[in-house]
Amino acid sequence: MAQPTDAAIATAEPSPAPARRDRTRFLRNPKTLTGLVILAGFVLVAVIGPWIAPHDPSARGPELLQPPSWQHPFGTTQTGQDIFSQILVGARGVLVVGFTAALIAGVLSVVVGVTAGYLGGLGDDLLSSVSNIFLVIPGLPLIIIIASFLPDTGDLAIAAIIGLTGWAWGARVLRAQTLSLRNRDYVQAAKATGESTPRIIVFELLPNLTAVIASGFIGTVIFAVLANVTLAFIGVADISDWNWGTVLFWAQSNQALAQGAWWWFVPAGLCIALLGTALALINFGIDEFINPRLRSPGKEDRAVRMRIGFTPVVRRDPPRDAGTGSDTAGAPGGGTTDPGGTTDAGVAGNPGTDTGKETHR
Amino acid sequence: MKYLLQRLAFYAVTAWAAITINFVIPRLMPGDPVQALINRFQGQLSTKAIDSLYTLFGLDEERSLWQQYLDYWGNLLRGDLGTSFAFFPTGVGDIIAESLPWTLALMGVTTLISFVLGTGIGIYAGWRRGSWLDGLLPVTTFISSIPYFWLGLLAISVFAVQWRVFPASGGHDASVVPGMTWGFISSALYHALLPAITIVVSAVAGWILGMRNMMVSVSSEDYVLVAQAKGLSERRVMFSYAARNAILPNISNFALSLGFIVGGTLLVEMVFSYPGIGYRLFQAVGAKDYPMMQGVFLIITLAVLAANLLADLAYMALDPRTRRES
Amino acid sequence: MTEPVLEIRGLDVDYGLGDSAVRAVRDINLTLHRGEILGLAGESGSGKSTLAYAVTRLLPPPGVITGGHVHYRPGGGGPSVDILDLDPEQLRAFRWQEISLVFQGAMNSLNPVHTVRSQLTDVLVAHRPGMSRADRNNRAAELLSLVGISADRLGSYPHQLSGGMRQRVMIAMALALEPEIVLLDEPTTALDVVMQRQILRQLVRLREELGFSVVFITHDISLLLEFSDRVAVMYGGRIVEEAGAKEIYRDAHHPYSHGLLHSFPALHGPRRELTGIPGSPPDLKSMPSGCAFHPRCPKAFDPCGTRVPALTPADAGDRSVACWLHTEHGSGES
């Protein structure tokens, strides 16, 4: 299970932008773009998967435990079911649970986090303690316990459990952000002019928290997808619904490993990892949008190594001749000797070497 | 000191919350789950087990909810976690006591290794931002998105089924008797290697990413610039100034991520049929062995709280601002 | 006038590379003489801090030096070095030994997890490898007493010190190796007025004792005039005027200097009319053509909008100004 590689700590301190910012920059980030394209692909499969699946995922066939072929791109199960169809049909369940759970958790985290951060005092202490408790109690075992006591473990029930137990991380990050926003001038100004608290929260705070909320939402989707797949895999969730975890459950319980039927569990796992990567990439984009320091250097920047404490020297113009141009105008001491003479000549003789030192080390 | 007391109070409250959640969950379930269970076990349950089921679900009409809660606490304090259905009449406590050392060893060692390794690589990746190490980021992202258990399946299929270099399951060779003998210990280590590698590979990616980002953020702090201006050696600036500060939030993160890590580790145990409490939980889920599940949940939570406390102590040792009030 | 210790020639600094680069500092020529206090004035964004950090190669990414030279001439007639030509190892050895800095905002300049002692002595470990631990500790205590802090503060962590004390620790640290030049970047901004003057007076006294030169950067003009020997005024990444502190106060040639010096009430001397400067500083991304100040200048005339005036000597050469009002038309860049 991935731990949330979050924007949390990084964003806690740099300023969350005053609302208007170059939003297209977010979309121009190649990481974000890659993530969004992959995610769009999965969403498409989730919508049309059941229609384009070549076989009924539950239908048994004559070809038992066959490796991938043209008829069965991902091979077949022990009972001849088409694994490709199972993956296509299963995408919907995974995404529906992931996004529903994240929606529930997102709303909860905004309500708890922003309220705690904005109120301060006793209310904050109380709400923070509650979210810290939820944060410390191991989430997956708790979800397993609750789910196994429930009589109905359909997709929505699972989503609800994940959402109701998985909001604490987002709440924590939002609280920290709200705390730092609360004392900004424009919020204070709104307070001073007598705006109501809900109005300030909705119109002054939330717009500046959008990126953090989005990042928390995506993080929760990742968590929810993994939790959902895990619950199906260990047989807690309803195994009559197809999702990628169910595929893995059947593979595991039918000894796919021992039989060398790698095609039975590899596609589902790759899909989970790919979906998770796509979501994580989107989150990196958000992190870098919030905190530009995290951005990886672009292509042109790579030519020169940017290093803290050692500003690179890249002489753009051909070296000036010593003593001409700017120097004549400059010499602020007036009557002092021409300083350019000796040393400049030496440097002018080997243009470009100074760049080399920084870049080619 | 004040900081430590605050944390201890918080853990006490959290432990109370976890225990109470454990008490409440069965009582919130609709219908008559006991009858459903009795039907499911088709008369294999003894009357004693049925009695304990009624107690568990709070369907014991004679006692008030408050009385039940007190009983529950009384049992807990006596170390009585109830009786396992699946291994009737063995106590849940006994089974956990037998499984816990396996889990603690596996989880403790792998968590420590992945934290140290990931933090170390993260320090370099963050310090040398823009170098080839940045090329690792997409790879680590991908790896950290893979579910632990699936990586375990993959590892088994490659190293245990295809190449047969590692055992596919179990905690030790069936032929050796557990004990403080060289034969047993080497067998246990051999069996633990593949699950351990799986966990480390899955977990290390997250630490690399987290530490790298912290390093990047801290590197632009004024005091790092001052350190460079002072002409200190690169080692000193990187470790004593940048990494030394960047690791603080990473330790808080460590504490908060423990819950996630534990979840992943339990699943690896399930996949490898490793005789720890994760595998017990898996068995309990399959057999609807509620007392067992609850016992495992409680023990895991308490273990995570203890680990959190250790992380807090480490934090206090590393950050002078928590030690004394100015 | 004494000999120069630092000569900046044609220095250009950009933020970023390629087409997106912003030219933050352009064609700076400036000389720091031995023992003097040179003040850099200008609004925020004028490039004064950028200049200071570029000179020491400490400008954080995406800062890039794109041209020019910074010659350092050590005392005693040693060979001069171009700081921009040093490789990282040479730069490390050069730093603090020759030029030290006191940064803006001492709050964040001290490493929060190390004691004052450790941060004072690690400079000595790096630059004085032969020094014993006891000597280093003695030196650290001596440095603290130099700035009026008792030696028992050596074991304190930064969060246990007041803002003024932290700033003094930074000054003590800057003097640890007795450098030739100390760069002060807004050293007292976060402090109250009384503390500001107290610390600066202390610094002036130390300069007299130890004989270092100072580059003093602040947006507080009254402090600057009070403590500097000479003042350079920056606008839009260029130096627009340079003169003795008294001269520029009495008779600023550049309209921008005039506006800047009249935007605050004088603490000493006769009352003057406060005029301020209309408009706001230029955006580095879209600099006005010609003289960057011309859109705000009350005295702008035809050449100002098209050609950049060069910094040229005025008044018999002991001061210079970059303004078409004071220049023969025809010199200067287009």
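The values are calculated or read from the model by the stated rules, or taken from the named source; none is laboratory data. Note that the structure is a prediction, hence the values are computed from the model and not measured. With ideal geometry, Cβ positions are generated from the backbone for all residues, glycine too; neighbour counts draw on all protein chains shown.
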Query raised in the report: Where residues in region C:1-24 are β-branched (Val, Ile, Thr) and either assigned to a strand (DSSP E or B) or touching a helix residue (DSSP H, G or I) at 6+ places or on another chain (Cβ under 6 Å) (or both), which of them is surrounded by the fewest Cβ atoms within 10 Å (Cβ to Cβ)?
Result: C:22
Query raised in the report: Considering only region B:171-197, how many residues are within 14 Å of chain A (Cβ to nearest Cβ) and not in a helix (DSSP H, G or I)?
Result: 0
Query raised in the report: Mind checking which residues of region A:101-145 are outside any helix (DSSP H, G or I) and within 30 Å of residue A:199 (Cβ to Cβ)?
Result: A:120
Report task. Residues that are under 22 Å from the mean Cα position of the chain (by Cα) and of a type in the set (Lys, Arg): find the helices (runs of 4 or more DSSP H) completely inside region B:216-326 holding 1 or more of those. Result -> B:277-287
Report task. Hey, can you tell me all the residues within region B:120-138 that are at pLDDT 80 or above and either facing another protein chain (nearest Cβ under 10 Å) or crowded, with 24+ Cβ neighbours inside 10 Å (or both)? Result -> B:122, B:125, B:126, B:127, B:128
Query raised in the report: Mind checking which residues of region A:232-271 are touching a Pro at 6+ places or on another chain (Cβ under 6 Å) and within 11 Å of another protein chain (Cβ to nearest Cβ)?
Result: A:263
Query - Residue list for region C:129-177, restricted to those being free of Cβ contacts under 8 Å to residues at least 12 places away in the same chain and either within 13 Å of chain B (Cβ to nearest Cβ) or not charged (D, E, K, R) (or both) - result: C:129, C:130, C:131, C:132, C:134, C:138, C:145, C:150, C:151, C:160, C:162
Requested in this report: Mind listing whichever residues of region B:223-270 are facing chain A (nearest Cβ under 7 Å), of a type outside the set (Ser, Thr, Tyr), closer than 22 Å to residue B:319 by Cβ and in contact (Cβ under 8 Å) with a residue 24 or more places away in the chain?
Outcome: B:249, B:253
Query raised in the report: Could we say that residue C:146 is at pLDDT below 95, within 17 Å of residue B:228 (Cβ to Cβ) and not polar (S, T, N, Q) here?
Result: no
Query raised in the report: Can you tell me which residues in region C:35-48 are surrounded by fewer than 23 Cβ atoms within 10 Å (Cβ to Cβ) and away from chain A (no Cβ under 12 Å)?
Result: C:35, C:43, C:44, C:45
Report summary line: Listed by first then second residue, the pairs whose first member lies in region B:296-317 and is more than 10 Å from every other protein chain (Cβ to nearest Cβ) and at negative phi, whose partner is in a helix (DSSP H, G or I) and among the hydroxyl-bearing types (Ser, Thr, Tyr), with beta carbons under 6 Å and at least 6 positions apart or on separate chains, are B:316/B:322
Query raised in the report: Considering only residues of region B:284-295 that are more than 7 Å from every other protein chain (Cβ to nearest Cβ) and of a type in the set (Gly, Ala, Ser), which is farthest from residue B:93 (Cα to Cα)?
Result: B:287
Query - Criterion violated by residue B:277 - all others in (1) more than 13 Å from residue B:100 (Cβ to Cβ); (2) at the interface with chain A (Cβ under 10 Å from one of its Cβ atoms) satisfied - result: (1)
**Report entry** The one condition in (1) modelled with pLDDT of 90 or more; (2) hydroxyl-bearing (Ser, Thr, Tyr); (3) touching a Ser or Thr at 6+ places or on another chain (Cβ under 8 Å) that residue C:188 fails to fulfil
**Finding:** (1)
**Report entry** Hey, residue B:168 under 18 Å from the mean Cα position of the chain (by Cα), within 10 Å of chain A (Cβ to nearest Cβ) and among the aliphatic types (A, V, I, L, M) or not
**Finding:** no
Report task. Restrict the check to region C:80-95 and report whether at least one residue is out of contact with any Lys or Arg (no Cβ under 8 Å at 6 or more places or on another chain), within 24 Å of residue C:210 (Cβ to Cβ), in contact (Cβ under 8 Å) with a residue 60 or more places away in the chain and not in a loop (DSSP other than H, G, I, E, B). Result -> no
Requested in this report: Might you let me know whether region C:103-121 holds any residue that is in a loop (DSSP other than H, G, I, E, B) and away from chain B (no Cβ under 14 Å)?
Outcome: no
Query - Residue satisfying condition, being more than 22 Å from residue B:22 (Cα to Cα) and surrounded by fewer than 21 Cβ atoms within 10 Å (Cβ to Cβ), within set A:116, A:192 - result: A:192
Query raised in the report: Looking at (1) more than 8 Å from chain B (Cβ to nearest Cβ); (2) at pLDDT 90 or above, which is the only condition residue C:92 fails?
Result: (1)
